[in-house]
1. Over segment A:2-72, what relative contact order in percent results from Cα pairs under 8 Å that are six or more residues apart?
2. FRET efficiency for A:Lys2 and B:His150, Cβ-Cβ distance as r, R0 = 60 Å, nearest 0.05?
3. Please compute, for peptide A:132-145, the average count of beta-carbon atoms on other protein chains lying within 10 Å of each residue's beta-carbon.
4. Going down the list B:Lys653/C:Lys241; B:Lys179/B:Lys653; B:Lys444/B:Lys645, which pairs span over 22 Å between their C-alpha atoms?
5. Can you grab the distance from the C-alpha centre of segment B:621-665 to the C-alpha centre of segment C:71-118, Å, no decimals?
6. Give me the percent relative contact order of chain B, please, defined on Cα pairs under 8 angstrom at least 6 residues apart.
7. Evaluate peptide C:54-61: per residue, the Cβ atoms of other protein chains within 10 Å of its Cβ; return the mean as an integer.
8. Under 14 Å from the Cβ of B:Leu769, count the other residues' Cβ atoms, weight Lys and Arg +1, Asp and Glu -1, and hand me the total.
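Bear in mind these aren't lab numbers, they're just calculated from the coordinates by the rules spelled out. Treat the numbers as computed from the prediction; the structure is a model and nothing was measured. Note: ideal-geometry Cβ built from the backbone for every residue, glycine included; neighbour counts use all protein chains shown.
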Amino acid sequence: MKVNGVERPAAADPRRLLSDHLRHDLGLTGTHVGCEHGVCGCCTVLFDGAPVRSCLMLAVQAEGHEVTTIEGLAAPGAALHPVQQAFHECHGLQCGFCTPGFVMSVVGFLKENPNPSPEQIDEGISGNLCRCTGYASIRRAVQRAAELTSLSPSGERAAELTSLSPSGERVRERGEER
Amino acid sequence: MTTRWFGARVPRVEDDRLLRGQGRFTDDIDEGALESCFVRSPYAHARINSIDVSAARAMPGVAAVYTAADLPFGAVDLPLLIPHPNLTHGRTQKCLASNVVRYAGEAVAFVIAESRSMAEDAAELVEVDYEQLPVVITPESAAEAHHLVHADVPGNLAAEMTQEVGDTKQALAAAPHRKRLHFRYERGAASPMEARAVWARWSEPEQRLTVYDSTQSPTSIRGGLAVLFGLPESNVDVIAPDVGGGFGPKIMLFYPDELLVPYAAMQLGRPVKWTEDRSEHFTAVNHERGQVHEVEVGFDGTGKILALTDDFIHDAGAYTPYGIILPIITAAQLPGPYRVPNYRVRFRDLYTNATPTSPYRGAGRPHACFVMERTLDAIAAEQRLDRVEVRRRNLIQTDEFPYPLGIAWQDGNQVIYDSGNYPALLDRAMEMLGPRPAGDHVGKGVAIYVEGTGVGPYEGAHVQVLVSGKVVAATGIPSQGQAHATVWAQVVADQLGVQVADVQVISGDTRRFSWGVGTFASRGAVTAGNAMFVAAGMVAEKARRIAAEHLEADPADMELVGGQVRVKGSPDKGMPLAAVSVLANPVRYAFGGGTEAATQFSSKREGPPLQSGDQPGLEATGYYSPPGSTWASGCHAAYVRVDPKTYRLEILKYVVVHDCGRVINPMVVEGQIEGGVAQGIGGAFYERLAYGEDGQLRNASFMEFLIPYSTEIPEIEIDHIETPSPLNPLGVKGAGEAGVIPVGAVLASAIEEALGVAITEMPLSPLKLFQLSR
Amino acid sequence: MKPPPFEYYAPKSIDEVCALLSTLEDAKVLAGGQSLVPLLNFRLARPAHLVDINRVPDMAGIYERDGGVAVGALARQAAVEDSALVARICPLLTETMGLVAHRVIRHRGTICGSLAHSDPASELPAVLLALGGHVIARSTRGERAIPAAQLFKSVFETTLAPDELLVEAWFPALSGAFAIAEESRRHGDFALAGVVWAAGRLALFGVASTPVLADHRDPTKGLHPSGDLEATPEFRLHLVKVLTERVLAA
């Protein structure tokens, strides 16, 4: 099976879930497991480009297919993918456990809905649970991700955008004497 | 000193790693570890006649199977964490049950194997001969005590406590009006997205135990493991790596796995790990929120409260590891921001055959707020007064601080509100709420709360400027998503005049900082934040001293700005903070990095290179110990619409006005509030722990325990007011739990008006509203 | 939890599937897996054999047949949702897809799998029933059509024989008024109660052990719904009346 563009071995045991194969056999621990019954979405990966629940697939089913995990969105040290960048700008994550699942779901969602309305965004992320954020910042992140993606359909411009990340230069200063 | 970062919406330093999937949660750690699972009781109350693990032990791939009989500590009761004189009949469970199980989910055996799959296969072969016993499941049946959860605890009564301020008997009798009210709050569960997990390794050559644990208190776990296994604390390392949400149940210790996984690692000579699955999380991890209240209130014709008594029972679950902190909090927080001149509160902490209870975000305050706010609504309804006006009339005013309540607080002190502006909260909330939306079946809800935050005993921080000029800071308390690394970096960067990005914060790792208490009770910013302030301040003072010496200036004239230590008003008369760090450590051998400047022929000092009482390095360790809690507050208000046919809830508008004193990072606080409100909405209208009469949980899965999705949570408008805390240097108050506390009260108030039915219980649902409307 | 042990087969042709189903005792078919794998993960389903049909080619067709739309065993719910052909011929089916779980689930879940699973609270069986569609079942013994009214037997139980594979579902063309409405607790949840109005017929779901046809003038007649955590029988009956009123008014 191809994972993030690289041929990786398939699972030996047919009852090995794809989520466990990715995490423990291939060392790609960015995909998380929250429930193993398909409700929380933490385990979402792209399967032949479409978001699916990896906890509801047997690893052997992925043989011959292409899986993209969160680690495959941006090369190490390279610029963040626009969806990742947007989540950062909008404080769309707190503990980070549900985040890879959200990001992969949103990547898939924006491919099918590049210019979503607020209602469509709400619907589009309604299959993922978050216990930390209360979703408002995630909705804002999806909105922002749509803007960033429309700036750069293939994500190239995200390189410029990482200069906005937390080195502090862009921060609003208060300069208040105490 | 310029505060460049304090109050700024600094984007999080944690994000890049987490967004790339480079987070490190406990289950992410393998390193050749054996995996494990539990055998848990399916029954809520049963005698164990025998346990046969022979078939399980014989399964291929199984490394060990433990029952209580196999453990040197098998007969030891797990610690009772918070003793209290009123907790006369406290009980804790054993690591593994072998005699009696008292709740469905109680651990009976522990199976360790090459994989979780094999462990589960083997666990199915463990045969336990259970003899079922009568079950006590509701708080009411616990009070009736036809059956006992513990044979040696009469009446199922773990503790009883009565407190009184003033003379309620007389005041009630004299009051022009009186009302009796009954309220019921059902159990809830925090349900963080990351279930619990533990990983442990024992190094025989080093005699060193290393544990990774998805916990809110690594220092406490470390202390307990050292005691239990007879190891010096310095040989035990406990790390909370990335933790996927805590919300309270991960401050509970010890869960049996926290002892069994390290023990197995020590016995089997290989690392051992255990990761909970979602189903077992529902019964294995502590709950909260079960209480029943009987209130009597006396008031006058203007709606002013003259006296209030509350007699409530608290559902402890089967054991009381966390003592009686929860009902103490409820008792103390019930009056809230209101003046209750005569107040009497009695609670009974009762055992039930259910999962034990310990704090879940809010920790006793949601119930207190619900009871008080519903009572005020009832008064307003009876007297035909405006609900908002009745609240205004009862609020504590700004000139009444410090305001002593006369009731005991959870830190052993008395409740004394330090600062606040409750009328301003209410006024601003009403302004933000605006006019009622048009349409039928619309209701308005409002609730005001206070929250005791920032309890002690203390937290500490170590701050160090490296020779590179970068800063590292460490504290003992871990983060579960609250952006500690960013927020503490802001505090430290302000003190040292550097960029936030130049400050790396390590937290929750006893190898880096081993003193501390934990992350809970909205205390992080107050305790660890101020400890960071203290430690960074000590470093800044040392930097000024060393630089002044070197530059032949007065330390009082030095300032730290832009990574430099320089004379105020003379920007060219300064030196880099990095250089100061070098000078702080007199060396014989210059090993590069500018250390030549600190060698014997380069530096100009007279006397010993390291002066008496001084330490090498530009670093310091500081502590902050609060004199008492500091009191945050807030007001939530909402408009809702309830569909009169389907009883579906639509939240039309939800506003929050929040006061947590000075705010270090408003973006982070707003995120906490939004998350808290969502948990409150979930707990009020969607989530419910459905216990059958047999004490079995019917809905132990995300399919049936209904955590809201985005479609169920509205946008929220948030505003802040700031009444700084006079109790700590930063002037901050806690913010972590605030979002959840009044939500039940607000929604109950609004739904009551929308539907015209009395709401006296939590949680609600379309079914419940349908039944109440009949 | 992790799935219990099972023998796994990934046949490459439909004949191989049928041969396996005819010889294996206690086998379950794995198509989308969105209903079956959770049951495996909970160890509530413990089949000795798992026959994964995802490697069989030419099973995902969505095509026009006999004036209606036929969908093959591996036609994913998302593909049906996006299909212009389905939208033209049977818009009720298109609209229904938006109510089925969440889009991510629909990327894997299949129409035929949902029908074979026969969850009384799911939408697709009720839609098939209201429309008067049928399914094609195949085994080594041949092929047969099973009309909707004879397919759904009880909770999670159809009249498919253990050796039969559901290879196609057929939905008649629909012109004219239709509506589907349900009450669920959260977006995408199973319905507490639901109604489908199509071709002058009313079908109910979530209120009996299978979807049932009802008289739109008296929709709760003869209905004895069960109770669960989120709805009592009385509440279900109430919702049926409310939902019927709504779809007929629309």
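1. Numbers: 129 pairs, mean separation 30.3, N = 71.
Answer for segment A:2-72 is 43 percent.
2. 0.55
3. Across the residues of A:132-145, the mean count of other-chain Cβ atoms within 10 Å is 6.
4. Pairs exceeding the cut-off: B:Lys653/C:Lys241; B:Lys179/B:Lys653.
5. Taking the Cα centre of segment C:71-118 as reference, the centre of segment B:621-665 is 42 Å away.
6. Computed over chain B, the figure is 16 percent.
7. Across C:54-61, the average partner-chain Cβ count within 10 Å equals 1.
8. Working: positive: B:Arg641, B:Lys645, B:Arg648, B:Arg688, B:Lys768, B:Arg774, C:Arg185; negative: B:Asp643, B:Glu650, B:Glu752, B:Glu753, B:Glu761, C:Glu183, C:Glu230, C:Glu234.
Residues near B:Leu769 contribute -1 overall.
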